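The values are calculated or read from the model by the stated rules, or taken from the named source; none is laboratory data. Since the structure is predicted, the reported quantities are computational estimates derived from the model, not experimental observations. These area figures cover heavy atoms from the full protein model, side chains too; ligands, DNA and RNA do not enter into them. Shrake-Rupley method; radii C 1.70, N 1.55, O 1.52, S 1.80 Å.
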Amino acid sequence: MTKPLLADTGGLLRALARKPDGRPSWPDYRAALVSSSLVVVPALVLGEVDYFLRAERAAMRTLVAEIFDPATTYDFVPATPIDLVRALQIDHKFANLELGLVDGTVAAVAERRRIYRVLTTDWRDFATIRVGPRWDRRLELVP
């Protein structure tokens, strides 16, 4: 098992995507997901995933069941008021990226939980963001 990671929307969707024959569409994303000792899923990410899976309700039901199954490595994290305030601070600090609340919350939860590995497709934004009290902590992008 590898270190814990935070799931961003695009990374989680790629990790779950399958080809018609059942093989992972994005094997490196799938491998990162299943090899992590803990997969933190911020609540706002789950909401955004639901939007993208609106035509795939069975897939969404399966994902939610897995996230809340205590036998899996998923950890669902509701957004706290402090997370939301910090997300808006991060969004303001990196205003040129136009992060928005979901990506800001991913960064805020990473900071709060001290889990700096992020499963994402949004390399441009998450490679630029810094967190921590002095804005000096980089996020490790996975895969």
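Observations on the model:
- Measuring nothing but how far apart in sequence close Cα pairs (under 8 Å, 6+ apart) lie, relative to its length, the chain scores a relative contact order of 27 percent.
- When the Cα gyration tensor is reduced to axis lengths a ≥ b ≥ c, the ratio a/c is 1.5 or higher for region 46-87, and with a/b not above b/c it is classed as oblate.
- Accessible surface of region 1-101 [probe 1.4 Å, protein heavy atoms]: carbon and sulfur percent: 61 percent
- Under 5 Å between amide hydrogens, built in the peptide plane, is the criterion, and for E140 it picks out R117, V118 among residues at least 5 positions away or on other chains.
- Under-5 Å amide H pairs with F76, H placed in peptide plane, nonlocal only: V41
- Between amide H atoms placed 1.01 Å from N, distances below 5 Å from T2 occur with S36, S37, all of them 5 or more places distant or on a separate chain.
- Shape class for the chain, computed from the alpha carbon gyration tensor (a ≥ b ≥ c): prolate, with a/c not under 1.5 and a/b above b/c.
- Alpha-carbon centroids, region 118-139 and region 1-66: separation in whole Å: 20 Å
- Compared with the direct C-alpha span, the chain from R113 to A127 gains 3.2 nm at full extension, assuming 0.36 nm per residue.
- Accessible surface, the chain, averaged per residue in Å² (probe 1.4 Å): 53 Å²
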